[in-house]
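Have a look at the structure below before the remarks.
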Amino acid sequence: MASLKEVKNRINSVQSTRKITSAMKLVASSKLHKAQASIESMLPYERQLNRMMSRFVSEMQGEVSSSFVEQRKVNKAVVIPISSNSSLCGAFNANVIKEVGRVVEQLRSEGVSIEILPIGSKVADKVKSMGFSFDSNHASLLDKPSYADAAQLAATLMQRYAEKEIDRVVLIYNHFKNTATQVLTVDDFLPISLNSVSTSESVSGKIVADYIVEPSREEIVSQLIPKVLYLKVYTAILDSLASEHAARVVAMQVATDNADELLNDLTLMYNKTRQAAITSELLDIVGASFQ
């Protein structure tokens, strides 16, 4: 049985760890509140804009062409995984890294050349160990999310796609569903996937109107496609950030609960050890009195 001093030291150590996990949970909860407000205000706008673009382009029936819609044989693909810059967020980063490995293996089996542009220090470290090289891990996009920076990254990818330097771009990130659930998402950034929506189709119980567009559908789409793609990268970053903070809140809550349980066990052990020591001393005293 451990000595009283050893058990007491262990209790002090666990108490210190509990203070840290409890504080980290509060900090993550505060950050989650802000990140959740950002993604919940941005995501509906991004989805509605994407639906509008898909409907306009699909109804044109080839009247307007865009290199970003063009489907072609994939010779080179770019994979963009979004992780975090710090740890202690459960399986958040591990799930992204695992999915990157799966996507890479799938693309390699199809004979596709692969380039990885990581967003986040954690996935960047793993990508390096896989033998991939890159200029930057874009960690600043997570520290201070900026639409301008996200749009610049998207514009670079769009230019490379239009020049046929790359043939496919894949986003891998965690989608924030709620505090307890983050859904790992693999989404094609380029080429754009268009879902045809007819003018008589009912969406959410409402009839879709046949809009009159000015100055022209061609002009609208030429402005709409880049905006949708810029927003897609920015929204994915915000989505991943909200998921990261939610995962950290849950992980720190579990750690705090485990610390509480361990403290109860150690306190019980301390009391039993102390009682056993006192009993042993009493027996020694009683035994000595009869000698």
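The values are calculated or read from the model by the stated rules, or taken from the named source; none is laboratory data. A quick note: this is a predicted structure, and the numbers were derived from the prediction, not measured. For neighbour counting, all protein chains shown are included, and Cβ atoms are generated from backbone atoms with ideal geometry for every residue, glycine included.
Observations on the model:
- Annotation note: of N137, N75, the sole residue that is farther than 14 Å from S240 by Cα, among the polar types (S, T, N, Q) and surrounded by 19 or more Cβ atoms within 10 Å (Cβ to Cβ) is N137.
- Residue satisfying condition, being assigned to a loop (DSSP other than H, G, I, E, B), at pLDDT 90 or above, over 29 Å from H33 (Cα atoms) and in contact with a helix residue (DSSP H, G or I) (Cβ under 6 Å, 6 or more places away or on another chain), within set I166, I114: I166
- Selection within segment 167-193 - within 19 Å of I114 (Cβ to Cβ), buried (at least 19 other Cβ atoms within 10 Å of the Cβ) and either over 13 Å from the mean Cα position of the chain (by Cα) or not hydroxyl-bearing (S, T, Y) (or both): D167, R168, V169, V170, L171, I172, F189, L190
- Look at segment 263-279: where a residue is farther than 17 Å from V14 by Cβ and a partner is surrounded by 11 or more Cβ atoms within 10 Å (Cβ to Cβ), sitting 6+ places away or on another chain with Cβ atoms under 7 Å, you get R274/L4; A277/L4.
- Residue count, segment 127-161 (criterion: farther than 22 Å from F68 by Cα and either of a type outside the set (D, E) or part of a loop (DSSP other than H, G, I, E, B) (or both)): 19
- If you check M52, M42 for being at pLDDT below 95 and closer than 25 Å to A247 by Cβ, only one passes: M42.
- In segment 155-168, the residues that are within 19 Å of K227 (Cα to Cα) reach residues that are among the β-branched types (V, I, T) with C-beta atoms within less than 6 angstrom, at least six apart or across chains, in these pairs: L157/V169; R160/I166; R168/V74.
- Residue match in segment 117-126 (condition: free of Cβ contacts under 8 Å to residues at least 12 places away in the same chain, surrounded by fewer than 17 Cβ atoms within 10 Å (Cβ to Cβ) and part of a helix (DSSP H, G or I)): yes
- Among (1) surrounded by fewer than 19 Cβ atoms within 10 Å (Cβ to Cβ); (2) part of a loop (DSSP other than H, G, I, E, B), the one test that V103 misses: (2)
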